[in-house]
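Let me begin by presenting the structure, written as structure tokens, before commenting on it.
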Amino acid sequence: YFSDINAGRIYKWSPDGNVSVFFEGLNKPNGLMFDKSGNLIACEGGAGRLISINPQGQISVLVDQYNGTRFNEPNDLWIDPQGGIYFTDPAYQSSVVQSGEHVYYLSPDRSQVARVISDMVRPNGIVGTDDGKKLYVADHGAGQTFVYTLNANGTLADKRLFAPTGSDGMALDAKGNLYLTTLTGVQVYDASGKH
């Protein structure tokens, strides 16, 4: 599954090589991830919200504001093992409406949203380890990628520089290698941070 942001579509690429439209009519959809119930969670950046698309194709809004103000442009997300959702909120195609460009955490029961990172220039790519112990976040605006320790309550600790490059999207493999999409191509760093 992948997004065509400006066309407002999400596509499905099947193992046999066929590409079909999964969903259309969205306002700049971006980062995607399935939850444990089979719902496709999406950052709908143009609408400033995080949405869920169930297997029947029905949309529900998970969160669309923080402290009474809409988000900038939710961009990318990662769902932790408990079902909480971390998402980045930069502003690429619109003006900043929050107090800056930050990272948020939506609790597993969807009742609370907290700002968990507020010191980045422009956060973008985000991914966590399968064991739920580490979170990687790219500060695309500063050209750096950081790693954090995840606390049980969703907060972050022990921020440290992981790679001296920013990234748009990112992914982890089974061995803990981090793949960063950069202007010079896909760069790979092992779990220790070696390029």
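Points worth noting:
- Carbon plus sulfur fraction of accessible area for the range 8-67, probe 1.4 Å, in percent: 45 percent
- Annotation: per residue accessible area for the range 93-169 equals 46 Å², rounded to a whole number [probe 1.4 Å, protein chains only].
- Unsatisfied cross-links (Cα-Cα over 25 Å) in the set Lys12/Lys175; Lys12/Lys36; Lys28/Lys194; Lys159/Lys194: Lys12/Lys175; Lys28/Lys194
- Between the range 46-62 and the range 153-167, the alpha-carbon center distance in angstrom: 28 Å
- In the complete set of protein chains, residue-level accessible area for Asp173 is approximately 50 Å², probe 1.4 angstrom.
The values are calculated or read from the model by the stated rules, or taken from the named source; none is laboratory data. These figures come from a predicted structure and were not determined experimentally. In case anyone asks, the SASA skips ligands and DNA or RNA and just uses the protein heavy atoms, side chains included. Shrake-Rupley method; radii C 1.70, N 1.55, O 1.52, S 1.80 Å.
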